[in-house]
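Undergrad: This is the structure I want to talk about, given as structure tokens.
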Amino acid sequence: MTVELTRQASRRTLGTETLLVLGLSLGQSAVYAMVSIIAKLTAEGGLSRQTAALNTSASPRPYLDLTYQLLGLAFAMLPVLLAVHLVNRDPGDAIRTLGLDGRRPGSDLARGAGLAALIGLPGLALFWVAAHLGLNASLVPAALPDYWWAVPVLILAAVKNAVLEEVTRYPT
């Protein structure tokens, strides 16, 4: 005897799943960022004497460092795959639901650029003001050694961050 399960997930279940995916992906990062800023604020000399480095090397050996970089990128995409799986679990089209179908590239690009400006420009202005007032840490956006693979890894990291943010924030 075969039992077919066709029951759709409730709105509450979808909300819970969304929160779990966000907690797994962006939530963990947010908590670590808050702990890091508290550590920097309470360190001797204050925030203005601190340095924040993004995209740092994971090993002094080039090919081991590349391996760590690629593994970090691959594992960071697992929440995206989980979100796509959960959305696709119910009958429907996950690609369309997540807005990755490319049906309106011009509109999507305009909305994305507008949202990036709305969020990014005030953030950059705040960073600039804080830097001129001596209230922020020095920022090192890329602290990778000068290896042949550094630029492709930085591009992949940017794509990873964009995909992770877009896919794990879908509306329920």
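Undergrad: Please find, among A33, A43, A58, A39, the residue that is touching a residue at least 12 places away in the same chain (Cβ under 8 Å) and hydrophobic (A, V, I, L, M, F, W, C).
TA: Only one candidate qualifies: A58.
Undergrad: Let me ask something additional. Name the single residue, out of those in the range 21-36 being at pLDDT 85 or above and either in contact with a helix residue (DSSP H, G or I) (Cβ under 9 Å, 6 or more places away or on another chain) or hydrophobic (A, V, I, L, M, F, W, C) (or both), that is nearest to S138 (Cα to Cα).
TA: For the range 21-36, the residue satisfying everything is A33.
Undergrad: Mind checking which residues of the range 65-81 are closer than 23 Å to L144 by Cα and surrounded by 12 or more Cβ atoms within 10 Å (Cβ to Cβ)?
TA: Those that are closer than 23 Å to L144 by Cα and surrounded by 12 or more Cβ atoms within 10 Å (Cβ to Cβ): D65, L66, T67, Y68, Q69, L70, G72, L73, A76, M77.
Undergrad: Looking at I119, I95, which is the one that is open to solvent by less than 90 Å² (accessible area, probe 1.4 Å) and under 21 Å from the mean Cα position of the chain (by Cα)?
TA: It is I95.
Undergrad: Have a look at L164, L154 and point out the one that is in contact with a helix residue (DSSP H, G or I) (Cβ under 7 Å, 6 or more places away or on another chain), in a helix (DSSP H, G or I), in contact (Cβ under 8 Å) with a residue 40 or more places away in the chain and within 30 Å of S57 (Cα to Cα).
TA: Just one listed residue meets the conditions, L164.
Undergrad: What do you reckon, is L100 in contact (Cβ under 8 Å) with a residue 40 or more places away in the chain and open to solvent by less than 50 Å² (accessible area, probe 1.4 Å)? I'd like the intermediate steps shown before the answer.
TA: Values: in contact (Cβ under 8 Å) with a residue 40 or more places away in the chain: yes; open to solvent by less than 50 Å² (accessible area, probe 1.4 Å): no.
For L100, the condition - in contact (Cβ under 8 Å) with a residue 40 or more places away in the chain and open to solvent by less than 50 Å² (accessible area, probe 1.4 Å) - is not met.
The values are calculated or read from the model by the stated rules, or taken from the named source; none is laboratory data. Bear in mind that the values here come from a model prediction, so they are computed numbers and not experimental data. Glycine also receives a Cβ, built like all others from the backbone with ideal geometry; neighbour counts cover every protein chain displayed. Accessible surface is based on the protein model in full, side chains and every heavy atom, while ligands, DNA and RNA are left aside. Shrake-Rupley method; radii C 1.70, N 1.55, O 1.52, S 1.80 Å.
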